[in-house]
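Worksheet: the structure to be examined is printed underneath.
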Amino acid sequence: MNNFTDKVVWITGASSGIGEALAYEWGESGARLILSSNEPDELNRVVEECRRRNYQAVSLFLDLADTASMAQKAAEAQGLWGCVDILVNNGGISQRSMAKDTLIEVDRKIMEIDYFGHIALTKAVLPHMTGRGSGHIVVTTSVAGLIALPLRSAYCAAKHALHGFFETLRAEVYDDGIRVTLAAPSAVRTEISIKALTENGGRFKRMDSQIDKGITPAQCARAIVRATAQKKALIVLGKGQGKWGVYVYRYFPGLYRILVRRAEVL
């Protein structure tokens, strides 16, 4: 059983999907929760549900696109429960558009939210963790951080960048008592495709068939919390072509490049 009694867990992107499920899973394990999102109404709904379940939870508005605010937000988070034991970099946005059609402003927005926002927040929290000699950083990336998926060029780029940064960080902070866990889900039944950006920055507003066939957010959250308890470096979870694609690419990269050209990705 995962026991995080009185551990302070700060989760970004906590107003829906995987982040909401992580809040309930960590709340059930006894953690004290700091829940962040840039959607205050939905965030308050999740906090109230946590409290209804007798979990310890507080909200902290956070916009991952506003990297300049991260130092202040980290200070506010540390003031809420006195520390941050586990930072869960979970928030983000996806994409559904051809690279050749996508405005560079859309590429920049996705990279700002999905990459720079997470590393800016991590850098703001790290001095606190290194000073205490302990901490755990969990990152919800994606199988898109390990393989290429059509119609997601900017999203894949941001997720690949996360893997590069946090794999390096793991080596650098290990002797400071800080652990890093990367969770790479495949299809999870959330609104990620509905909210994904198109080539001009609009919303895709459609549920991918692959996403619709995925595991539930609760199943995903249980696997991530368990991996954190076990201090795993990386887990690949979920089901469908994204998950098997990771292993095909690892052992048969040429075959993968042929298959991905023909794959159903919506």
Subset of the range 240-266 (residues that are buried (at least 16 other Cβ atoms within 10 Å of the Cβ), out of contact with any helix residue (DSSP H, G or I) (no Cβ under 6 Å at 6 or more places or on another chain) and not hydrophobic (A, V, I, L, M, F, W, C)): 241, 243, 245
Matching residues, the range 60-112, being buried (at least 18 other Cβ atoms within 10 Å of the Cβ), acidic (Asp, Glu) and more than 25 Å from residue 201 (Cβ to Cβ): 85
For residue 232: the one exception among (1) in contact with a strand residue (DSSP E or B) (Cβ under 6 Å, 6 or more places away or on another chain); (2) touching a residue at least 60 places away in the same chain (Cβ under 8 Å); (3) part of a loop (DSSP other than H, G, I, E, B): (2)
Meets criteria (assigned to a strand (DSSP E or B) and within 16 Å of the chain's Cα centre (by Cα)) for residue 136: yes
Tally of residues being in a helix (DSSP H, G or I) and closer than 22 Å to residue 188 by Cβ across the range 236-266: 13
Residue within the range 141-164 that is out of contact with any strand residue (DSSP E or B) (no Cβ under 7 Å at 6 or more places or on another chain), at pLDDT 95 or above, part of a helix (DSSP H, G or I) and among the β-branched types (Val, Ile, Thr) present: no
Filter result for residue 123 (basic (Lys, Arg) and surrounded by fewer than 22 Cβ atoms within 10 Å (Cβ to Cβ)): yes
So residue 63, is it under 24 Å from residue 116 (Cα atoms) and either out of contact with any Phe, Trp or Tyr (no Cβ under 7 Å at 6 or more places or on another chain) or among the acidic types (Asp, Glu) (or both): yes
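The values are calculated or read from the model by the stated rules, or taken from the named source; none is laboratory data. What you are looking at is a predicted structure, and each value in this text was computed from that prediction instead of being measured. Neighbour counts are summed over all protein chains in view; Cβ atoms, including those assigned to glycine, are modelled from backbone coordinates with ideal geometry.
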